Amino acid sequence: MNHDETRTVLLIHPGALGDMLLALPAMQALRARYPSHRMLLVSRPDIGGLLHMCRAIDEWISIDSQDLTRLFAGDRAFSPVFQSWLDRCDVVVGWLRDHDGVLRETLSRSGIFRIVIESPTPQHTVHQSRRFLSVMDELDANTNTNQPALLALPESVKRVGVERLGSMGVGDVRSIVVCHPGSGSPAKCIRPDVMAEVIRQLAYSGMQPVIVGGPADDELVQQVIACGLQNVAVLRHQPLDVLAGVLSEAALFVGHDSGVTHLAAAIGIPTLAFFGPTDPCQWAPQGRHVTVVSGRPCECIGWEQVLACSNRPCLSISADTIIKVAIALIARYQSVTKS
């Protein structure tokens, strides 16, 4: 059967990188439930592109495309390509709010009968990946899994990562530790001087730290570097596939509650994540290769208090404590890869 005849599943997920990767187990459950269908993902372009490279999905379109604008507006004047997907579509799963019901109505008028649209509202007692899975319960998908969902990076992406590291003068990739000082909010980050000391001690121990940061991380990256760091490779504002390739070469990733941390964990490298005001039982990446380190339990009530908190005891973690955990994780990783 060619692609023009294959039945399809449409997924709509407008979220950021970390949120999307928390939905990977649900996407894998859908793939298992509909193994003969092709999966189309509506998402942010960089995320859709990476998931397509990793064959987690078959096709993707941007959440900002005209077809999606028309879909949400109730206008069915779609492009021929998108219309062909809808004509062959058996299932739609949308992890978003459909306040006025226009989205569901438009899909129904397109002849699609199995439509699941629900925002996976966070619940304090449930990990968020479980919330994404629960949205699909009515589809009878196999959602009874505690296994982490991993991305299979193609060799082309890995080569790009090696080449990018080489262009920065980073040599033996077996000793790389990727460190991400930022996150979606400075309130979720350890102090820059602590991160700088961790990077300094990693370098003293024979590792090669590589600092990564996106556009929103510029200030924190600069604050870390300003703490006396010298001759440390810094990788800024890279496309998601390049970042994924660099991460895939690391012996360890060190970061916070962020999309980059979720990406590192999804690639399967040992991941050391700092969690403070956000609950790791709800938001941390899953898997035995993920280790979460926190300070004292957060006592702030609501995000306004978190932003106003100056001393952040929940993220008061000493550099020595972090280094001990990091070195142990690297040793464990290296012993596994050598066996």
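The values are calculated or read from the model by the stated rules, or taken from the named source; none is laboratory data. Treat the numbers as computed from the prediction; the structure is a model and nothing was measured. Every residue, glycine among them, receives a Cβ derived from its backbone with ideal geometry; neighbour counts consider all protein chains shown. Note: areas computed on protein heavy atoms with side chains; ligands, DNA, RNA excluded. Shrake-Rupley method; radii C 1.70, N 1.55, O 1.52, S 1.80 Å.
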Dipole of segment 1-104 (Lys/Arg Cβ +1, Asp/Glu Cβ -1, origin at the Cα centre): which of Ile57, Ser36, Ile12 lies farthest to the positive side?
Ser36
Per the C-alpha gyration tensor (a ≥ b ≥ c, the square roots of its eigenvalues), segment 158-267 is rounded if a/c is under 1.5, else prolate if a/b beats b/c, else oblate; here it's oblate
Calculate, for Arg174 and Arg104, the FRET efficiency according to 1/(1 + (r/R0)^6) with r their C-beta to C-beta distance and R0 51 Å; round to the nearest 0.05.
0.50
Compute the signed sum of charges (Lys and Arg +1, Asp and Glu -1) over the other residues within less than 12 Å, Cβ to Cβ, of Asp90.
+4
Under 5 Å, built H, 5+ apart or other chain: amide partners of Val210
Val177, Val178, Cys179
Mean Cβ neighbour count within 10 Å, used as a protection proxy, ranking 196-207, 70-81, 317-328 highest first:
196-207, 317-328, 70-81
Residues whose built amide H sits under 5 Å from the amide H of Ile190, excluding neighbours closer than 5 in sequence, are none
Prolate/oblate/rounded call for segment 213-274, Cα gyration tensor, a/c under 1.5 rounded
prolate
Relative contact order for segment 48-143 using alpha-carbon pairs under 8 Å, separation at least 6, rounded to a whole percent?
21 percent
For segment 10-132, size of Cβ-based charge dipole, Lys and Arg +1, Asp and Glu -1, in debye:
380 debye
Given points 7 Å out from each Cα along the Cα-Cβ axis, report the Lys324 to Val242 separation in nanometres with one decimal.
3.9 nm
Using a 1.4 Å probe over the heavy atoms of the protein chains, calculate the carbon and sulfur portion of the accessible area of the chain as a whole percent.
50 percent
GNM of the chain, Cα pairs under 10 angstrom: of Cys89, Cys300, Cys281, the biggest fluctuation goes to Cys300
Using 16 Å as the cut-off for backbone N distance, which residues of segment 70-92 belong to the label zone defined by a point 7 Å from the Cα of Phe113 along Cα→Cβ?
87-92
Antiparallel bridges, percent of DSSP beta bridges restricted to the chain (to nearest 5)
5 percent
Which is farthest toward the positive dipole end of the chain among Val234, Leu329, Pro297, measuring Cα position about the Cα centre, with Cβ charges +1 (Lys, Arg) and -1 (Asp, Glu)?
Leu329
Just grab the label-to-label distance for Ser205 and Asp218, each label 7 Å out from Cα along the Cβ direction, in nm (one decimal).
3.3 nm
Mean-square fluctuation maximum in Gaussian network of the chain, Cα pairs under 10 Å, restricted to Val210, Val126, Val91, hits Val126
Looking only at Cβ-Cβ distances, which cysteines of the chain have no other cysteine closer than 4.7 Å?
Cys54, Cys89, Cys179, Cys189, Cys227, Cys281, Cys300, Cys309
Options (1) 0.96; (2) 1.29; (3) 1.00 are given for Rg/Rh (Cα atoms, Kirkwood Rh), and the computed one is (3)
Per residue, in Å², the accessible surface of the chain once ligands and nucleic acids are set aside, probe 1.4 Å
47 Å²
Using the Kyte-Doolittle scale, which helices in the chain average at least 0.5 and also have C-alpha atoms spread 15 Å or more along the helix axis, with helices defined as whole DSSP H runs?
319-338
Projected onto the charge dipole of the chain (unit charges on the beta-carbon of Lys, Arg, Asp and Glu, signs +1, +1, -1, -1), the Cα from Gly206, Ile225, Val246 with the largest positive-side position is that of Gly206
Using alpha-carbon positions, what is the distance between the centroids of segment 192-263 and segment 57-88, in Å?
38 Å
Assuming a ≥ b ≥ c are the square roots of the Cα gyration tensor eigenvalues, decide whether segment 240-285 counts as rounded (a/c under 1.5), prolate (otherwise, with a/b larger than b/c) or oblate.
prolate
In debye, nearest 20, what is the charge dipole magnitude of segment 184-254 about its Cα centre with +1 on Lys and Arg Cβ and -1 on Asp and Glu Cβ, if you could check?
120 debye
